[in-house]
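Each remark here refers to the structure printed beneath this line.
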Amino acid sequence: MTEIITVNAEQPETDKLQAAADIIRAGGLVAFPTETVYGLGADATDADAAKKIYAAKGRPSDNPLIIHVAAPSDAELYAHTCELYYRLAKAFMPGPITVILPKKNTVPHSVTGGLDTVAVRCPSHPVASALISAAGVAIAAPSANLSGSPSPTKAEHVISDLSGRVDMIIDGGECEIGLESTIVKIDGDSLTLLRPGAVTYDALLCVCESVNIAPAVTEQLGENERPLSPGMKYRHYAPKAPLILLDGAASEVVAYMRKAQDSQNCAIICYDEDASELISDKLITIGARDDLEAQANALFGALREVNGFDAEVIYAHLPPKEGIGLALYNRMIRAAAHTIKKV
Ligand code: AMP
Ligand code: MG
């Protein structure tokens, strides 16, 4: 049985969060909103509770979880921090950034997928923050979706994926950002960007002179290559029909989409300004062409919605790689299994 509760997203009711925190402390699973996407949380120091997360999501056990803390300095309990960690914390926490650090023994290997490092994040969402404080322990939480489907940005996405599989779902409305956190690994004085998110590459450069982008962020890895972030190797976000990303001038892409609508059973994910030039059937708009934040916010919902169309193929624009565009690009090439068509 899954209990579904609704809380005030700005000022969550203490008694409701206390009930959720009690479930976490007793080794149960609670899905909760964050500013990025919904997370599926359990006590990060409890090996058995972590195993329940993997079972509920159908997640491969070598794909590590992110642990969520109430304050940046709480990372000390679980990881070996350093000066660069605190510079990142000062600039971006609480907020949509996750930092990979050497782990301490308080975090079981079942949380870290067997790795000796742990991913630490301090979310800014009032519900997430209050829940972690009430639990009095770090909360291990991957995205609250079934493994392979798009991350949930609304409670209804969580309910459709995990109802009956978790103890509680906290409905705190829509997630503000809509894409998962930026993940960076600290290597001495340099950073490696493992997963792009709302904290952009340029923003990271303001804190650290040397930021490398892991190859898996933009490229398909070879069969035997190991990504620096285990999650990068899994097919993700994939809609039922194949998704093809169209690379070219916007007008050419829209012309291609319009032609495809005449000859194929296709669904289209496009920008707001394209809609007037396309047939409205099986069409989803995800924001204005220049509004990458709006597109980031709408993408995962669109990838879920498109499954409701009985289409044989899906077309969308290939996003630019600038700013939060890099995060959109990364999620979309993975949803498309790297299928890009030049037009
Ligand atoms: P999710 O919480 O579902 O967005 O997934 C968490 C992501 O964090 C996965 O892609 C993991 O590969 C990545 N991650 C978590 N812990 C580590 C770690 N210790 N080293 C590298 N990547 C990690
Ligand atoms: Mg995920």
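Would you mind checking the tilt of helix 250-263 against the longest principal axis of the Cα atoms of the chain, expressed as 0 to 90 degrees and rounded to 10?
70
As a test question: what accessible area, to the nearest 10 Å², does HIS125 have when a 1.4 Å probe is rolled over all protein chains in place?
Number for this one is 20 Å².
For the range 3-136, build the convex hull from the C-alpha positions and give me its volume per residue in Å³.
Working: hull volume 13.1 nm³, N = 134.
Per residue, the Cα convex hull of the range 3-136 comes to 98 Å³.
Given 0.36 nm per residue, what is the gain on full extension from SER160 to LYS90 after removing their alpha carbon distance, in nm?
On the way: separation 70, 0.36 × 70 = 25.20 nm, distance 3.69 nm.
This chain segment gains 21.5 nm when fully extended.
Compute the helix-to-body angle for 292-305: its Cα long axis versus the longest principal axis of the chain, expressed 0 to 90° and rounded to tens.
Taking the Cα atoms of the chain, the angle to 292-305 is about 80 degrees.
How would LYS282, LYS321 line up by accessible area, probe 1.4 Å, largest first?
On the way: LYS282 50, LYS321 100 Å².
Final ranking, largest accessible area leading: LYS321, LYS282.
Ranked from the most accessible area to the least, with a 1.4 Å probe and all protein chains present, what is the order of THR6, THR14, THR339, THR98? Don't jump to the answer; show the numbers that get you there.
Numbers: THR6 85, THR14 110, THR339 60, THR98 0 Å².
Ranked from most to least accessible, the order is THR14, THR6, THR339, THR98.
Could you pull the Cα extents of the range 168-303 along its three principal axes, largest to smallest, in whole Å?
Principal extents (largest minus smallest coordinate, Cα): 55, 40, 35 Å.
Of GLY188, GLY178, GLY323, which has the largest mean-square fluctuation in a 10 Å C-alpha GNM of the chain?
Residue with maximal mean-square fluctuation among GLY188, GLY178, GLY323: GLY188.
How many Å³ per residue does the convex hull of the Cα positions in the range 1-82 occupy? Intermediate results must be reported in sequence, preceding the final value.
Working: hull volume 11.0 nm³, N = 82.
Each residue corresponds to 134 Å³ of Cα convex hull volume.
Name the residue farthest towards the positive end of the dipole of the chain from the options SER133, LEU101, PRO320, assuming +1 on Cβ of Lys and Arg, -1 on Cβ of Asp and Glu, about the Cα centre.
LEU101
Going from most exposed to least, what order do LYS90, LYS259 have by accessible area with a 1.4 Å probe? Could the numbers behind the result be given before it?
Numbers: LYS90 180, LYS259 155 Å².
Ranking LYS90, LYS259 by accessible area, largest first, yields LYS90, LYS259.
Less than 19 Å apart at the alpha-carbon level, and either on another chain or at least 8 residues along: which aspartates and glutamates does that give for LYS52?
Within the straight-line cut-off, LYS52 pairs with GLU3, ASP22, ASP43, ASP62, ASP161, ASP167.
Would you kindly find the accessible area of ASP290, with a 1.4 Å probe and non-protein molecules such as ligands, DNA and RNA excluded, rounding to the nearest 10 Å²?
140
Using a 1.4 Å probe on the protein chains only, how many percent of the accessible area of the range 1-138 belongs to carbon and sulfur?
Details: 2870 of 5280 Å².
Using a 1.4 Å probe with all protein chains present, the range 1-138 comes out at 54 percent carbon and sulfur.
Just report the Cα centroid separation between the range 181-210 and the range 3-30, whole Å.
Each part's Cα centre sits 32 Å from the other's.
Any idea what diffusion coefficient the chain gets from Stokes-Einstein, in µm²/s, Kirkwood Rh on alpha carbon pairs, 25 °C, 0.890 mPa s?
On the way: Rh = 20.4 Å.
For the chosen part, D equals 120 µm²/s.
Ignoring ligands and nucleic acids, what accessible area does GLU305 show with a 1.4 Å probe (Å², nearest 10)?
Accessible area, nearest 10 Å²: 100 Å².
Helix 47-57 versus the longest principal axis of the chain: what angle, 0 to 90°, nearest 10, using Cα atoms?
Taking the Cα atoms of the chain, the angle to 47-57 is about 20 degrees.
Charges at C-beta only: +1 for Lys and Arg, -1 for Asp and Glu. How large is the resulting dipole of the chain about its Cα centre, in Debye rounded to 20? Don't jump to the answer; show the numbers that get you there.
On the way: 29 positive and 43 negative charges, 189 e Å.
That gives the chain a dipole magnitude of about 900 debye.
Run lengths n ≥ 4 of DSSP H only: what is the helix-derived mean residue ellipticity at 222 nm for the chain, with -39500 (n - 2.57) per run over all residues, to the nearest 500? Please report the intermediate quantities before stating the final value.
On the way: 9 runs with 95 residues, N = 343.
Here the helix-only value at 222 nm equals -8500 deg cm²/dmol.
Return the subset of LYS185/LYS321; LYS240/LYS321; LYS57/LYS103; LYS51/LYS341; LYS51/LYS240 for which the Cα-Cα distance in this structure is over 32 Å, preserving the input order.
Values: LYS185/LYS321 21 Å; LYS240/LYS321 25 Å; LYS57/LYS103 24 Å; LYS51/LYS341 40 Å; LYS51/LYS240 28 Å.
Distance filter (> 32 Å) returns LYS51/LYS341.
Step by step: find N for the range 152-201, compute 2.2 N^0.38 Å, then divide the Cα radius of gyration by it. What's the final number? It would help to have the intermediate numbers written out before the result.
Details: Rg = 15.5 Å, N = 50, 2.2 N^0.38 = 9.7 Å.
Relative to the 2.2 N^0.38 Å estimate, the range 152-201 comes out at 1.59.
Using only Cα atoms, figure out Rg for the range 254-322 and give it as a multiple of 2.2 N^0.38 Å. Could you put the intermediate results ahead of the total?
Working: Rg = 11.5 Å, N = 69, 2.2 N^0.38 = 11.0 Å.
For the range 254-322, the normalised Cα radius of gyration comes out at 1.05.
The values are calculated or read from the model by the stated rules, or taken from the named source; none is laboratory data. Computed from a predicted model, the values in this text were never measured in an experiment. In this analysis, Cβ positions are derived from the backbone assuming ideal geometry, glycine residues included, and neighbour counts consider all displayed protein chains. Calculation scope for accessible area: heavy atoms of the full protein, side chains included, ligands and nucleic acids excluded. Shrake-Rupley method; radii C 1.70, N 1.55, O 1.52, S 1.80 Å.
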